[in-house]
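Here, each number is a calculation from the coordinates, and none is a lab measurement. Small disclaimer: the values here were computed from a predicted structure and weren't measured. Here Cβ is always computed from backbone atoms with ideal geometry, including for glycine, and neighbour counts include all displayed protein chains.
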Amino acid sequence: MTFLKTPFGLFFFLALAVLTLTVVLKKWHFGLREEEAFGDDAPERNRLLQQLQERHQELKQLYVTSSEFINPHLSVNDSVFYINGEMSAGNTVTNETEIGCEELAGMKAVDFLGSGYTKTVLKVALPQGLFVALKSVNHQGTDMRMCMQDFKDSQSCHKLVSFKLRKEILLLQRLQHPNIVQLKGQCQDSVLVGGITAILEQGMPLQMIQLLQSPWEERFRVCLGLVRLLQYLSQSPLGSVALLDFQPRQFVMVSGELKLTDLDDASIKEPACQEDSDCLLQFPLHNFTHRCSPSRICKGLNEMRNLYNAYRYFFTYLLPHQAPPLLKPLIHQIMNSTGDLKQSINETLIAFEEVLHMYQSGQHLENLPPFITRDYAVLKGMRSVGNMEYRCWPSYNQQGCVLSVHSAREAALICSSHPQCTSFSLSNERTWTGRLLASFRSGFSHLVPDVNSAVYMRRVKASGAML
Ligand SMILES: Nc1ncnc2c1ncn2[C@@H]1O[C@H](COP(=O)(O)OP(=O)(O)O)[C@@H](O)[C@H]1O
Ligand SMILES: [Mg+2]
């Protein structure tokens, strides 16, 4: 004890006491925090850690698989990136125009675009005058809520749900197609955007009711876009991709084109099998079995699953209704073969492209009366003003009657079938298939010169009033 009486001994003793107290207090503090989250439930904590580990593994595997495609000589260690201690979705596809945290600094959220179980999407105006969609973790979503119910640890739950968004970002980098929403960048900044955020091209959530009321040509465009997308997914750089959560709400519309936005439930695995009965596809109204390939994999099952989902969620509602009469047999064939999964996605795409070709070339109009335009006086280089509009369905314009036509002959036939129609005009405006937009009217007050327009006046009806 004489040691304690020396100044050095006293100092040593005090230092030791402070150190011990700090360690005890820290242990007590952490113990309390852990108990708050898990009580004394170590199995729960292990379950959370295991889930985090599984998601991490899945992302890492996906990263390696997709990097091997880009660079077959890459090793596992080379291929995993970490940002702030977190595995990043990788940056092998970055380019100079990519938007990052820096560009988001002066952003303004202008609208709420949508949310689902996992993510929430905001429309944001960037200082450069660009509008983008920001996708981040939905704190009120089912995924977060369920995790909090089970584990009561907001930080770990946020991390767990973030893995889904990281997976989506990685898939968006690897899978590029006109019918997949474009990834414009990403930002990982908890102060600025609250964690990992995907910066996407902005679309409009898909509204099936609205689409059901739109012209057949626009509905066909959506179905064709979907078939082109599924054909790409069936032989993508990552292999055959299945969309496990296939619903209209996983898509958005960008300038009339359908685009897939929700990819976190995509799978690039096809099930292993011993016999054909292992390759079972179950839907509420229909079951299918597929062949078990010699390599003991249900090869092609992902493609079938996607195609049948396209049939039941999209084609049945959008394709047959109001199809041009002469295209109906072809459409009917498509409906039968996809509804029974009798054709592959490649064959389905060929059938769709054939419909498009016939529609664009006007082959489906061969039976038009040849001289119907004789009933009309043509005024080329003119546009009508002070128009009396009437409504028709399904019009491209809510107030009037604007329909797509292959030629003046088809427009004349339509005008002759509408009792109110006394004239129609054609401008150089075209639809996505290249067809002309014709505007039908019940009258107008006068004409003005316009080199891009022609007015067709119905002789019988026009004789008394305007000629
Ligand atoms: N780029 C986008 N532009 C406009 N709306 C979008 C965009 N991406 C997603 N949305 C909307 O946000 C909703 C939620 O996004 P989603 O990725 O489907 O999240 P979750 O995985 O939670 O279902 C979608 O249903 C869609 O309506
Ligand atoms: Mg979704």
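Phi-derived couplings, Karplus 6.51 cos²θ - 1.76 cosθ + 1.60 at θ = phi - 60°, listed residue by residue for the stretch 248-262: x, 6, 8, 10, 10, 10, 10, 6, x, 9, 6, 9, 6, 10, 9 Hz, with x used for Gly and Pro.
Listed values for the stretch 113-124 are Karplus-derived 3J(HN,Hα) couplings in whole Hz (6.51 cos²θ - 1.76 cosθ + 1.60, θ = phi - 60°), namely 9, x, 8, x, 4, 10, 10, 10, 10, 10, 8, 10, and x replaces Gly and Pro.
For trypsin sites (Lys or Arg not before Pro), the sites in the stretch 296-344 that DSSP calls loop and that have at most 15 other Cβ atoms within 10 Å are Arg296, Lys342. Taking amide H as placed 1.01 Å from N in the peptide plane, Ser236 has its amide H under 5 Å from the amide H of Val241, each at least 5 places away in sequence or on another chain. Per-residue Karplus couplings for the stretch 407-413, computed as 6.51 cos²θ - 1.76 cosθ + 1.60 with θ equal to phi - 60°, are listed in order as 7, 4, 5, 5, 5, 4, 5 Hz, Gly and Pro entered as x. Packing, as the average of other Cβ atoms within 10 Å across residues, places the peptides 183-196, 389-402 in the order 183-196, 389-402, highest first. Residues whose amide H lies under 5 Å from that of Tyr390, counting only those 5 or more places away or on a different chain, are Cys401, Ser442; hydrogens are built 1.01 Å from N in the peptide plane.
As a length-normalised measure over Cα pairs under 8 Å and 6 or more apart, the relative contact order of the stretch 205-365 settles at 24 percent. Here the stretch 131-195 and the stretch 293-339 have alpha carbon centers that stand 32 Å from each other.
Rounded to the nearest 20 debye, the dipole size of the stretch 372-465 about its Cα centre is 180 debye, using +1 on the Cβ of Lys and Arg and -1 on the Cβ of Asp and Glu.
Highest mean first, how do 265-274, 208-217 rank when packing is the count of other Cβ atoms within 10 Å averaged over residues? Don't skip to the end; give the middle numbers.
Numbers: 265-274: 16.4, 208-217: 14.3.
My ranking of the peptides, most packed first, is 265-274, 208-217.
Which value, to two decimals, describes the C-alpha radius of gyration of the stretch 205-365 once divided by 2.2 N^0.38 Å?
1.06
When both the stretch 196-246 and the stretch 395-467 are represented by their alpha-carbon centers, they are found 33 Å apart. Cross-link partners for Lys164 among the aspartates and glutamates, with Cα-Cα distance under 15 Å and sequence neighbours closer than 8 places in the same chain left out: Glu54, Glu58, Glu86, Asp143, Asp245, Asp262, Asp264, Asp265. Of the GluC sites (Glu not before Pro) in the stretch 92-162, the ones in a loop by DSSP (not H, G, I, E or B) with at most 12 other beta carbons within 10 Å are Glu96.
Would you mind checking the pairs Lys119/Lys269; Lys108/Lys259; Lys60/Lys269 and listing those with alpha carbons more than 21 angstrom apart? Too far apart for the 21 Å limit: Lys119/Lys269; Lys108/Lys259.
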